[in-house]
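In what follows, a structure is listed as structure tokens, so that the remarks can point back to it.
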Amino acid sequence: MEQICQANAPLDRDTSTAASRRSRDETRLVEVFDPAGALVGSEWAEHVGAVVRVNRVTHRRVTATGMWETTRETAHFVCEYILPAAVCARAIRDHWAIENRLHYVRDCSFREDDSRTRRNPGVLARLRSFAANILRHNGVDNVTDARYRLAIGGLNAIRSLRFM
């Protein structure tokens, strides 16, 4: 993928900047490349229609020193079709929304990684997801705090929840 990006000019580019998000500023350059004949004869030729390269430059404020630390990262993605760079950028960002809204909440608020369940852990994972969805449906932003308040409030607090 790197060789395809180095050998060809991008078909489309999109630059986005996210400032002041959790003490960091990030600039992303998303470029879409046509692999053309680079994959001919390989098993990937019919599956890869475009190569997407994302260059991230992140400035993160180090709280101990108050200075800014800069990191640079390049990631490559493949896509079945050639799409505009802005669409690819949105799809890549939206993918991480799943991680942040579901897996992070289950790991931190429900302490899923500390679970000792070894038989059918998927059942409890689904129950945690149901619980998180019910809390979100009721307008809860902080799942950990809501769980604590429901535990203290007892049945009256649970009765106050809307399930549909």
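The values are calculated or read from the model by the stated rules, or taken from the named source; none is laboratory data. Everything quoted here is computed from the prediction, not taken from an experiment. All Cβ positions, even for glycine, are placed from backbone atoms using ideal geometry, and neighbour counts span all protein chains on display.
The rows are residues; the columns are (1) closer than 30 Å to LEU29 by Cβ; (2) not assigned by TED's automatic domain parsing to the domain that holds GLU2.
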| residue | (1), (2) |
| --- | --- |
| VAL78 | yes, no |
| ASP94 | yes, yes |
| ASP114 | no, yes |
| ARG119 | no, yes |
| LEU135 | no, yes |
| ALA157 | no, yes |
Subject >> Near pairs, Cβ below 9 angstrom, 6+ apart or cross-chain, from the stretch 52-81 (without any contact (Cβ under 8 Å) to a residue 60 or more places away in the chain) to any residue that is loosely packed, with under 11 Cβ neighbours inside 10 Å and of a type outside the set (D, E, K, R) >> reply: VAL57/THR70; THR58/THR70; HIS59/THR70; ARG60/THR70; ARG61/MET67; TRP68/VAL62; GLU69/VAL62
**OP:** Being free of Cβ contacts under 8 Å to residues at least 24 places away in the same chain and under 22 Å from the mean Cα position of the chain (by Cα) is the filter here, so list the residues in the stretch 140-164 that pass it.
**Re:** VAL140, ASP141, ASN142
Original post:
Residues ASP107, ASP113: which one is without any contact (Cβ under 8 Å) to a residue 24 or more places away in the chain, touching a helix residue (DSSP H, G or I) at 6+ places or on another chain (Cβ under 6 Å), of a type in the set (D, E, K, R) and surrounded by 14 or more Cβ atoms within 10 Å (Cβ to Cβ)?
Top reply: ASP107
Original post:
Within the stretch 74-86, is even one residue acidic (Asp, Glu) and in contact with a Lys or Arg (Cβ under 7 Å, 6 or more places away or on another chain)?
Top reply: no
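Conditions tested, residue by residue: (1) farther than 30 Å from VAL140 by Cβ; (2) small (Gly, Ala, Ser).
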{"site": "GLU2", "(1), (2)": "yes, no"}
{"site": "CYS5", "(1), (2)": "yes, no"}
{"site": "LEU11", "(1), (2)": "yes, no"}
{"site": "GLU43", "(1), (2)": "yes, no"}
{"site": "ALA50", "(1), (2)": "yes, yes"}
{"site": "VAL62", "(1), (2)": "yes, no"}
{"site": "ARG72", "(1), (2)": "yes, no"}
{"site": "TYR81", "(1), (2)": "yes, no"}
{"site": "GLU99", "(1), (2)": "no, no"}
Original post:
Which fully enclosed helices (runs of 4 or more DSSP H) of the stretch 84-164 have 2 or more residues being closer than 30 Å to SER16 by Cβ?
Top reply: 85-98, 104-108, 121-137
